[in-house]
Amino acid sequence: QVQLVESGGGLVQAGGSLRLSCAASGLTFTRYAMGWFRQAPGKEREFVAGYSWSGGKQNYADSVKGRFTISRDNAKNTVYLQMNSLKPEDTAVYYCAADQYGLGTRDRRYDYWGQGTQVTVSS
């Protein structure tokens with residue numbers, strides 16, 4: 001079955017960096033756009049970044065542009081989220097998701113989801 005497993009979360013001070021990873025299995029990775037979403041306590045889940053299935057298109061939420069970078073390694077079936085200049089408001093559970101033949105945008109219905117990894121940014 002399809003599995004998406006996130007890792008790399010943790011506690012970091014404001015201004016610090018973290019790199020999240022999401023390892024995918026059970027699917028043909030190159031056919032899927034990959035996205036990162038997050039959900040803070042008491043808030044709705046929101047789109048963070050996405051990477052199209054082909055063409056190398058990347059999309060970002062305005063709140064993370066210039067600070068976060070999404071990348072993928074198709075040979076390793078893995079998508080990454082490099083997070084720099086972290087702020088306390090970035091504190092959330094971060095989820096990766098897969099969307100077959102998607103563009104890596106926020107408005108798509110993603111097919112598969114991981115269990116999430118906690119990111120906590122202290123002030």
Query raised in the report: In the stretch 66-98, how many are within 16 Å of Glu6 (Cβ to Cβ) and either part of a strand (DSSP E or B) or touching a residue at least 60 places away in the same chain (Cβ under 8 Å) (or both)?
Result: 18
Query raised in the report: Take the residues of the stretch 28-54 that are assigned to a strand (DSSP E or B) and open to solvent by 10 Å² or more (accessible area, probe 1.4 Å): which is nearest to Trp113 (Cα to Cα)?
Result: Phe37
**Report entry** Flag for Ser122 being under 21 Å from Gly9 (Cα atoms) and of a type in the set (Gly, Ala, Ser)
**Finding:** yes
Query raised in the report: Failed condition for Ser63, given (1) closer than 25 Å to Ser122 by Cβ; (2) open to solvent by less than 50 Å² (accessible area, probe 1.4 Å); (3) assigned to a loop (DSSP other than H, G, I, E, B), with all others met?
Result: (2)
Query raised in the report: Is it the case that the stretch 6-24 has a residue that's open to solvent by less than 30 Å² (accessible area, probe 1.4 Å), closer than 22 Å to Arg109 by Cβ and not in a strand (DSSP E or B)?
Result: no
Report summary line: Filtering the stretch 71-123 for residues that are of a type in the set (D, E, K, R), open to solvent by 50 Å² or more (accessible area, probe 1.4 Å) and more than 16 Å from Thr28 (Cα to Cα) leaves a count of 6
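The values are calculated or read from the model by the stated rules, or taken from the named source; none is laboratory data. Because the structure is predicted, anything quoted here is derived from the model rather than measured. Cβ sites come from the backbone with ideal geometry, for glycine too, and all protein chains shown count toward neighbours. Side chains are part of the model used for accessible areas, which takes the heavy atoms of the whole protein and leaves out ligands, DNA and RNA. Shrake-Rupley method; radii C 1.70, N 1.55, O 1.52, S 1.80 Å.
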